[in-house]
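One structure is given below, encoded as structure tokens.
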Amino acid sequence: MFENLTERLTHTIKRLRGQGRLSEDNIKETLREVRMALLEADVALSVVKQFVEKVRERAIGQEVMQSLTPGQALVKIVNDELVSIMGEACDELQLNVQPPAVVLMAGLQGSGKTTSTAKLARWLRERKKKSVLVTSCDIYRPAAIHQLEKLAGEVQAEFFPSSTEDDPVAIATAALEHARRKHLDVLIVDTAGRLHIDDQMMVEIQRIHAVLNPVETLFVVDSMTGQDAANTAQAFNDALPLTGVVLTKTDGDARGGAALSIRSITGKPIKFLGVGEKTAALEPFHPDRVASRILGMGDVLSLVEEAQHKVDKDKAARLASKLHKGKRFDLSDFHDQLEQMLGMGGLGSLIDKLPGVGQLPQAVRDQVNDREMHRMLAIIRSMTPQERQFPDIIKGSRRKRIAAGSGTQVQDVNRLLKQFMQMQKMMKKMSKGGVKNMMRGLKGRMPQGFPF
């Protein structure tokens, strides 16, 4: 998300960073470009006007004009105002009530409510150690009930059954009673969506809301609808007391207008971002970290948190011990490293959070994808345990067999082995003298042909 906006803004403010003096004229020119960048990102016009005016007021004041580094001061103001329009801090779910805490999911059809229900259940179970019950009140789409039941099994949440013959309010009431009897921590209720806002849908969800009295009512909306997402959220908020927003499909949205518009228009915080199709692809929304990403400064905190939760600590410890003892890094180890990177959301998610990525040419960023990693994993999985441990034995006939088994070409196998050898050298340098030796050996370059 925000690729286009990041490219425009980083290009615009890069020229200002090193300047010793700023004038009203070049501030005015910069703000004009910022305004165009926000409008192109499909940010609501009212939000753009408010943002640019606030930046102008602070930029022309003493804060920038009398600063020793005026370019840096202006960048800080832009960052602060981005944080301000998206919300000052991460708004967490308010679950400190007598269990079960009820979370009601609302939104239009196709916005990703059912998937988001499962993602949230997984997030609560893994990150907050909560026991979770999910149920579907969508009696109009049998597939929605079956989909949630399947996803509940995948994320290890309990599923309360429902059918198309049941009354949605009766389903919600029965699910709440079940959660109370089983002493479960959280009940998440998925509701029916429509292709557009209509009175019948609103009356039904208002009835469900009345019997459940949820602690959280989350509006699920597709980020790719841009500023329309904020307008739809406002319409729902007029009928329901929303407590927050889940912004879905942000991995396919290069603009980010919805994220920058929703808080200002609705007054409701974005609580989560859906960043992919998998059930683990849900991130809490941190306005300060998102602002940092928009300005090309990365999001190292989120990267560290992802690593803490998703990296297999036992495997990492075994590899560290193995290298410390002078043993060789082999293809099985390489396989584990690739798998763990994919587990953290893949290359797209990782590179998004690295500082300076916004300054990379678009052509370079477009090449960053997970296909090459999946191809490499397939090749390694086609090898025997002996071949993984002793890659030197992989000669002509073995390479042909491995290529055939993985559905790739011999050239792909050759390329992987070359990349692995470079990775092996890096690991050897690390084991001898730590990261400093490894970086000196790399001389600022990644191994040639490596997928990132």
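The values are calculated or read from the model by the stated rules, or taken from the named source; none is laboratory data. The structure displayed is predicted, hence computed values, not measured ones. Here the Cβ positions follow ideal geometry from the backbone for every residue, glycine too, while neighbour counts run over all protein chains shown.
A few remarks follow.
Here is a yes/no grid of residues against (1) more than 19 Å from residue 282 (Cβ to Cβ); (2) within 30 Å of the chain's Cα centre (by Cα):
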position	(1), (2)
141	yes, yes
145	yes, yes
165	yes, no
168	yes, no
176	yes, no
189	no, yes
200	yes, no
204	yes, no
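- Extreme residue, surrounded by the fewest Cβ atoms within 10 Å (Cβ to Cβ), among residues of segment 387-426 that are closer than 14 Å to residue 376 by Cβ and among the hydroxyl-bearing types (Ser, Thr, Tyr): 408
- Scanning segment 125-151 for residues that are among the aliphatic types (A, V, I, L, M) and in a strand (DSSP E or B) gives 132, 133, 134.
- Some residue of segment 413-433 being of a type outside the set (Gly, Ala, Ser), within 30 Å of residue 250 (Cβ to Cβ) and modelled with pLDDT under 85: no
- Considering the conditions (1) surrounded by fewer than 23 Cβ atoms within 10 Å (Cβ to Cβ); (2) part of a helix (DSSP H, G or I); (3) touching a residue at least 40 places away in the same chain (Cβ under 8 Å), residue 118 is excluded by exactly one of them, (1).
- Condition met for residue 154 (charged (D, E, K, R), loosely packed, with under 14 Cβ neighbours inside 10 Å, more than 23 Å from the chain's Cα centre (by Cα) and not in a strand (DSSP E or B)): no
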